[in-house]
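Trainee: First, the structure itself, so that you have it in front of you.
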Amino acid sequence: SGQWLWRHGTYTGGAMSNALTLTQAGNATFAGNIMSTQGGTAALPKITLSASTTTGIYTPVANGWGVSTNGASRLVIDAAGNVGIGDSTPTNSLEVYRATGDASIRIQAPTAADSTILKFRNSNADADITVDYTTSNQARMVFTTDNAGGYVPVLSLEANRDTLMYGNVGIGTTSPTS
């Protein structure tokens, strides 16, 4: 039928089950977990998804997971859930490292009418950095904070080089009144 079956089971009269089915088309079906006793390395990952033996999935640390391309670690998730992009030993929730050139993160909205927002939140409050367009279609970056009444702008950097400060500004005082 064009299939190879590898069977496992008990030899004391118990039922046999199909553990692995391989088809002539190259498809494999596993009845259980796929495990390896070796974790591989970034240079020689244990699971490769193409003809390249230096691109694939490996285990960088105990209970961790990594992806490599061209023999170099590109993405690591450690046992604590920290994610490293270009950093194989992340110590924060997300770390991005690039050995040469600029390290950048791009957040892009689908249209000019949509804003791009970077949110910062703890259990009590939010702070956002929003990039959008004003009603006159000029780009701006707005820093906002959240209070009980909703988001309140604190600082706005406008495309026409205006800087708008909201609230009182004090020089030489921590409690400005105007």
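Trainee: Mind listing whichever residues of segment 91-104 are of a type outside the set (D, E, K, R), open to solvent by less than 80 Å² (accessible area, probe 1.4 Å) and touching a Gly at 6+ places or on another chain (Cβ under 8 Å)?
Mentor: Scanning segment 91-104 gives V96, A103.
Trainee: Taking segment 44-61 on its own, how many of its residues are in a strand (DSSP E or B), open to solvent by 40 Å² or more (accessible area, probe 1.4 Å) and of a type outside the set (A, V, I, L, M)?
Mentor: 1
Trainee: I'd like to verify a number: residues in segment 62-84 that are under 12 Å from T41 (Cβ atoms) and open to solvent by 40 Å² or more (accessible area, probe 1.4 Å), how many?
Mentor: 0
Trainee: Looking at segment 165-178, which of its residues are open to solvent by less than 70 Å² (accessible area, probe 1.4 Å) and closer than 22 Å to R140 by Cβ?
Mentor: G167
Trainee: Given I107, I117, which one is assigned to a loop (DSSP other than H, G, I, E, B) and either in contact with an Asp or Glu (Cβ under 6 Å, 6 or more places away or on another chain) or exposed (fewer than 14 other Cβ atoms within 10 Å of the Cβ) (or both)?
Mentor: I107
The values are calculated or read from the model by the stated rules, or taken from the named source; none is laboratory data. Since we're looking at a predicted model, the values are computed, not measured. For neighbour counting, all protein chains shown are included, and Cβ atoms are generated from backbone atoms with ideal geometry for every residue, glycine included. These area figures cover heavy atoms from the full protein model, side chains too; ligands, DNA and RNA do not enter into them. Shrake-Rupley method; radii C 1.70, N 1.55, O 1.52, S 1.80 Å.
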